[in-house]
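The values are calculated or read from the model by the stated rules, or taken from the named source; none is laboratory data. Predicted model, so just to flag it, every value in this text is computed and none were measured. Positions of Cβ are generated from backbone atoms using ideal geometry, with glycine treated the same way; all protein chains shown enter the neighbour counts.
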Amino acid sequence: MQTIDARGLGCPKPIILAEEALSKIEEGFIKVIVDNEASAENLKRYAERFGYYNEIEHQDNLWIVKIIKGYACRITKSEDKKSKKLLLVITSDVIGKDENLGKILMKAFLETLLATNQIPDMIFLMNTAVKLSTVDEEFIDILKKIEEKGAEIFTCGTCLKFFNLEESLKVGYRGTTNHFVEGLFDFEKTVWL
């Protein structure tokens with residue numbers, strides 16, 4: 001068993017280290033220690049994506065992710081599992097270049113998703129779009145309604161940190177770049193806005 005100390009490492013470094021360690025073994029397990037839940041969840045999704053059994057243990061503000069490769073515990077993807085159709089990646093809090101018009105257009109776009117019940121499976125907010133889930137109250141309410149209809153909403157942790165909004169998240173979860181990278185493979189369609 002190999003233990004990887006990934007505390008303090010930003011996304012996607014914990015996954016890169018785990019992948020590197022797992023590539024060197026046919027069967028066995030590794031433990032990855034991280035200091036935030038988002039990294040633990042990303043490691044879990046990584047393991048599930050490749051059919052590895054995994055366990056997460058939380059203790060003293062640390063998450064220990066155990067990933068097992070090989071043996072007879074390989075996870076198989078269920079045929080009955082709901083397919084992931086659409087990942088929506090939003091990279092700005094406005095649509096277009098004009099700030100005032102852009103806010104109106106973004107609000108209309110999100111409200112139209114709600115009104116037509118065309119809800120993406122996942123929404124990933126990055127760059128200035130992190131303001132939509134943190135400080136812009138009119139968008140927070142809309143995103144909460146979209147979330148209630150079944151969309152998973154993630155906000156880029158690196159972007160939250162950059163804009164000093166880590167403590168301001170009001171809807172969804174803190175995410176990492178791993179979410180939208182997975183979208184290239186796990187979703188039928190990824191749309192960037």
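Please work out if Glu41 is outside the structural domain of Tyr173 (by TED's automatic domain parsing) and modelled with pLDDT under 90. Spell out the reasoning first.
Working: outside the structural domain of Tyr173 (by TED's automatic domain parsing): yes; modelled with pLDDT under 90: yes.
Yes; evaluated as a whole, the condition is true for this residue.
Criterion first (among the charged types (D, E, K, R), touching a strand residue (DSSP E or B) at 6+ places or on another chain (Cβ under 8 Å), at pLDDT below 85 and farther than 17 Å from Cys11 by Cβ) does Lys31 satisfy it? Give the derivation first.
Values: among the charged types (D, E, K, R): yes; touching a strand residue (DSSP E or B) at 6+ places or on another chain (Cβ under 8 Å): yes; at pLDDT below 85: no; farther than 17 Å from Cys11 by Cβ: yes.
Criteria not met by Lys31.
Being in a helix (DSSP H, G or I), surrounded by fewer than 18 Cβ atoms within 10 Å (Cβ to Cβ) and without any contact (Cβ under 8 Å) to a residue 60 or more places away in the chain: is that true of Leu165 here?
Working: in a helix (DSSP H, G or I): no; surrounded by fewer than 18 Cβ atoms within 10 Å (Cβ to Cβ): yes; without any contact (Cβ under 8 Å) to a residue 60 or more places away in the chain: yes.
Against the criterion (in a helix (DSSP H, G or I), surrounded by fewer than 18 Cβ atoms within 10 Å (Cβ to Cβ) and without any contact (Cβ under 8 Å) to a residue 60 or more places away in the chain), Leu165 does not qualify.
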Which of the numbered conditions does Glu188 fail, given that it passes all the others? Conditions: (1) closer than 18 Å to Lys84 by Cα; (2) more than 19 Å from the chain's Cα centre (by Cα). (2)
In region 137-157, the residues that are loosely packed, with under 15 Cβ neighbours inside 10 Å and touching a helix residue (DSSP H, G or I) at 6+ places or on another chain (Cβ under 8 Å): Glu138, Lys149
Being assigned to a helix (DSSP H, G or I) and not aliphatic (A, V, I, L, M) is the filter; apply it to region 168-188 and report the residue that is surrounded by the most Cβ atoms within 10 Å (Cβ to Cβ). His179
Candidates Ser78, Ser92 - the one that is among the hydroxyl-bearing types (Ser, Thr, Tyr), modelled with pLDDT under 85 and either surrounded by 14 or more Cβ atoms within 10 Å (Cβ to Cβ) or more than 30 Å from Phe162 (Cα to Cα) (or both): Ser78
Which one of these does Val191 not meet: (1) in contact (Cβ under 8 Å) with a residue 60 or more places away in the chain; (2) touching a strand residue (DSSP E or B) at 6+ places or on another chain (Cβ under 9 Å); (3) assigned to a helix (DSSP H, G or I); (4) surrounded by fewer than 20 Cβ atoms within 10 Å (Cβ to Cβ)? (3)
May I ask you to list the residues in region 141-162 that are assigned to a helix (DSSP H, G or I), closer than 21 Å to Thr176 by Cβ and modelled with pLDDT of 90 or more? Leu143, Ile146, Glu147, Cys159, Leu160, Lys161, Phe162
